[in-house]
1. First measure r as the distance between the Cβ atoms of SER45 and LYS83, then evaluate 1/(1 + (r/R0)^6) with R0 = 30 Å and state the FRET efficiency to the nearest 0.05.
2. Distance between the C-alpha centers of segment 332-359 and segment 55-113? Whole Å please.
3. Report, in listed order, any pair from LYS30/LYS357; LYS343/LYS365; LYS357/LYS412; LYS363/LYS383; LYS343/LYS383; LYS30/LYS127 with a Cα-Cα distance greater than 26 Å.
4. Multiplying the sequence separation of LYS237 and GLU351 by 0.36 nm and subtracting their Cα-Cα distance, what value in nm do you get?
5. Largest first and in whole Å, give the semi-axes of segment 308-376's equivalent ellipsoid, each being the square root of 5 times a Cα gyration tensor eigenvalue.
6. What does the highest-first list of 320-330, 134-144, 106-116 look like by mean Cβ count within 10 Å?
7. Where the only charges are on Cβ atoms (+1 Lys, Arg; -1 Asp, Glu), what is the dipole of segment 334-374 about its Cα centre, to the nearest 20 debye?
8. Between ASN91 and VAL422, what FRET efficiency comes out of the Förster formula 1/(1 + (r/R0)^6) with R0 = 25 Å and r the beta carbon distance, rounded to 0.05?
Amino acid sequence: MCQDCSGDFSKLKMATTGRSSSIPKRRSAKLEELVSSLRRAYNESINEALERHEYNFVLSDPRLPDHPIVYASEGFLRMSGYKRSEVLGRNCRFLQGPDTDRRTVLEIRDAIREERPCQVRVLNYTKQGQAFWNLFHLAPIYSRQDGIVIHYVGVQTPIAPHLASGVVSRTQQVVSETVKELVEGGHAVGTNSPQPVESLVNLRLRGGAADADDIVQEEHVDTENDEDSPLVDEALKEKSALALRAVTCDLTQSSRIKGDLALNRPIRLSESAATGVVCSSLMISLTRIQQSFVLSDPNLPDMPIVYASDMFCDLTGYSREEVVGRNCRFLQGPDTDPEDVQKIREAVKEEQACTVKILNYRKDKTPFYNYLQVSPVRSCGGKVAFYVGVQLEMGEVDTDTSQETGMSAHAKQLGTVGVVRVAVRSLQGSGLRRTLKRTV
């Protein structure tokens, strides 16, 4: 590794130490995960290439817990007022504030779930609490091999104060009022004939897979924020697009494997899923679940594991790389009861859930009794897309309730299954967007 690149990783290590010792509800990405996120995708020239840019931008990794920032440019740090140690490893939501439009946030989240670019105006806040309008441009970087999103690039272009006056032209007011009338009158925007418009509740349910802190009170959202948002001229849009092109070009040219990274999706999302690749949008939801579980794909030969949680790796002693792609039978050993194994096979054959107490083995060959819950996870079309297996070591099951949550062990398993089902169903098929499309 070159000296410059080693220095950057050292800088990352120093930046992520000395953080607050408070334990968050969601597991934060570990230091080695942040470093590895860049190292595994790009060659040694990436640090020098990115530092040449004066743009305000960050890189985030959707395959790490809570989709954290793994790189922040000097321009971004100056713009936001934060130190590098306060940015790396955190989700970008810390830039939001009390007057940030929740619909705009949902637009960004929908783009991430659909693994596509987006450009929105958003009201952000500096570390000092000063609000500023930002033209935010998001774009995914794909792997040509399997179509997964390696990183998201987020370019922030502050909107000049004279453009952020909040003055709205009469034309904009007419358009805003027309849209409001169409929605309240039960007509679909952009059609010649009256069509029913989905209720806000249905739109939220169709979007699905939101955490409790992600749920917003849509009934209180009106056109007020639209009228206060600034105008964006074409020159500013082009400036933002130019910055994005420059950064993404350097990222693809710095690929560790020559030609492996792409700006456009090399294969369709459905085709990627057919090869056993868990899309990054589903990965974001899965990494939030703090339980030992695996996801297996019955539509692939030998029903391999396509995702394993951190707690599963801790329980079994295997790394994620040693687990993904293998059938769950590798946990069995010489004293595993064949009748327990047969129960699982029959449940899978009948597409039913089952619970068994089975003797499994860790990587170091030590046995443990596993209270295993296996359940089918269906897509929105009703077809079994995955099987989720939730593991609990029998010592945990012997305790009637968890002191932290007051939930029984079996209830925690069922809760995990429910969260996975909601996440999978919300990402299948079309119609993920919960908001009306608005142009910048």
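The values are calculated or read from the model by the stated rules, or taken from the named source; none is laboratory data. Note that the structure is a prediction, hence the values are computed from the model and not measured. Glycine also receives a Cβ, built like all others from the backbone with ideal geometry; neighbour counts cover every protein chain displayed. Just so you know, the surface numbers come from the protein's heavy atoms only, side chains and all, with ligands and any DNA or RNA stripped out. Shrake-Rupley method; radii C 1.70, N 1.55, O 1.52, S 1.80 Å.
1. Using R0 = 30 Å, I get an efficiency of 0.70.
2. Between the Cα centre of segment 332-359 and that of segment 55-113, the gap is 44 Å.
3. Long pairs (Cα-Cα over 26 Å): LYS30/LYS357; LYS363/LYS383.
4. Result for the pair: 36.0 nm of gain on full extension.
5. Numbers: eigenvalues 81, 44, 21 Å².
Listed largest to smallest, the semi-axes of segment 308-376 are 20, 15, 10 Å.
6. Result, highest mean Cβ count within 10 Å first: 134-144, 106-116, 320-330.
7. Numbers: 7 positive and 8 negative charges, 45 e Å.
Approximately 220 debye in magnitude.
8. Details: r = 20 Å, r/R0 = 0.80.
Approximately 0.80, to the nearest 0.05.
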